[in-house]
1. What number of residues in the range 165-203 are among the hydrophobic types (A, V, I, L, M, F, W, C) and surrounded by fewer than 21 Cβ atoms within 10 Å (Cβ to Cβ)?
2. Evaluate the range 140-158: report whether one residue or more is of a type in the set (Ser, Thr, Tyr) and modelled with pLDDT of 95 or more.
3. If you scan the range 192-220, which residues turn out to be outside any helix (DSSP H, G or I) and aliphatic (A, V, I, L, M)?
4. Enumerate the helices (runs of 4 or more DSSP H) found wholly within the range 238-296, keeping only those where 1 or more residues are more than 22 Å from Leu228 (Cβ to Cβ) and basic (Lys, Arg).
5. Which of the following residues is more than 26 Å from Ser278 (Cα to Cα) and either among the acidic types (Asp, Glu) or part of a strand (DSSP E or B) (or both): Ala37, Ala68?
6. Taking only pairs six or more apart or across chains, which ones have beta-carbon atoms under 8 Å, a first residue in the range 233-257 that is without any contact (Cβ under 8 Å) to a residue 60 or more places away in the chain and over 17 Å from Glu143 (Cα atoms), and a second residue that is among the basic types (Lys, Arg) and in a helix (DSSP H, G or I)?
Amino acid sequence: MSNTKIPRILITGATGQVGSKTIDFLLSNSEIEIIAAVRSQQKAGAFDVRGIATVIFDFDDEGTHLPALKNIDSVFVVTGYTVDMLRQSKTFLDNAKKAGVQHVVHLGACGRDDTTVAHWAWHQLIERYIEWSGFSFTHLRPETFMQNILSYGGKKSIENGVIHAYVEGARLSWVDVEDVAKVAAEALIHPEIHAGQTYRLGYDAVTFHELALMMTAIVGKPFHYEPLSPEVFLKSMISAGAEMAYMRCVYDHWKRYAAGTIPGADDTFNNFHEITGSQPTRWADFIEKHKVELDY
């Protein structure tokens, strides 16, 4: 550990869904110091007003790494959704090792250890690199985020009660982003408890047809699911100019979900209470919590 009196925790992806929620949970603990990694002084402003320290950091600018990592004890590694995450993670972890970081909590992706879904496997390669580098570690593997039903890729997922997805009638395992952040916070605050653990995070398995029925009952307006071909997704990503090395992997996994060829796609787990002392969010809870957003 560093010579500071209390552990210093660096949060990458601090302005994103999981990173920002993780900070919210960490703020309840006065025995740690939180440092939010931001890419510009403009983005630092929102943290400054809350009394949260910031450092300028960019995964693609190696010159920002060591200054951001100075006297840091633990890091939360959250990369973007491109193939660059492999290079970014390795470079950052190499610098974290030089800086004397002790514990790494890594936000990965779904999947069993033997997954052949490409972008999930990339995350598992990063996990192995973390272990090989000699860090104390906690690996997080969240299943599909429940928040994707509200919006995905910057677009609303539901229009006038019609749910669109690319997986036909597949049953998926789901997790609330807030629950992922709660586990991340616990792993960062208590590395002595969570070191060496790989936590798969998925607590409710449903199809989109079942979701539509639940939404209809809870929101009080009709919802129904209309599956789309994965080809629609692929064409939209190409039109949007997205980074296609990653998005073609996503396209392939939509096809595999639809065909039912992803082993464990609906795996759920009973580890949440042991990690956090609370119960995970179920779909009925999530829909109730987001009734206003789902209403139309």
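1. The first filter runs over the range 165-203 and keeps only residues among the hydrophobic types (A, V, I, L, M, F, W, C), leaving 165, 167, 170, 172, 174-175, 177, 180-181, 183-185, 187-189, 193, 195, 201.
Keeping just the survivors that are surrounded by fewer than 21 Cβ atoms within 10 Å (Cβ to Cβ) gives 170, 177, 189, 193, 195.
Counting residues in the range 165-203 that are among the hydrophobic types (A, V, I, L, M, F, W, C) and surrounded by fewer than 21 Cβ atoms within 10 Å (Cβ to Cβ) gives 5.
2. Within the range 140-158, the subset of a type in the set (Ser, Thr, Tyr) is 144, 151-152, 157.
Add one more test, that the residue is modelled with pLDDT of 95 or more, and what stays is 144.
So far as the range 140-158 goes, yes, one or more of its residues are of a type in the set (Ser, Thr, Tyr) and modelled with pLDDT of 95 or more.
3. First pass over the range 192-220, keeping only residues outside any helix (DSSP H, G or I): 195-207, 220.
Ala195, Leu201, Ala205, Val206, listed by residue number.
4. Details: elements: 244-259, 272-276, 283-289, 291-294.
In the range 238-296, the matching helices (runs of 4 or more DSSP H) lie at 283-289, 291-294.
5. Details: Ala68 fails: either among the acidic types (Asp, Glu) or part of a strand (DSSP E or B) (or both).
Result: Ala37 is the single residue among Ala37, Ala68 that is more than 26 Å from Ser278 (Cα to Cα) and either among the acidic types (Asp, Glu) or part of a strand (DSSP E or B) (or both).
6. So the pair list comes out as Leu234/Arg248.
Conditions (1) over 24 Å from Phe25 (Cβ atoms); (2) surrounded by fewer than 18 Cβ atoms within 10 Å (Cβ to Cβ), marked per residue:
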residue: Asp73; (1), (2): no, no
residue: Leu86; (1), (2): yes, yes
residue: Ser89; (1), (2): no, no
residue: Phe92; (1), (2): no, no
residue: Lys97; (1), (2): yes, yes
residue: Val104; (1), (2): no, no
residue: Leu107; (1), (2): no, no
residue: His119; (1), (2): yes, no
residue: Trp122; (1), (2): yes, no
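The values are calculated or read from the model by the stated rules, or taken from the named source; none is laboratory data. Worth saying up front: this structure is predicted, and the values here are computed from it rather than measured. All Cβ positions, even for glycine, are placed from backbone atoms using ideal geometry, and neighbour counts span all protein chains on display.
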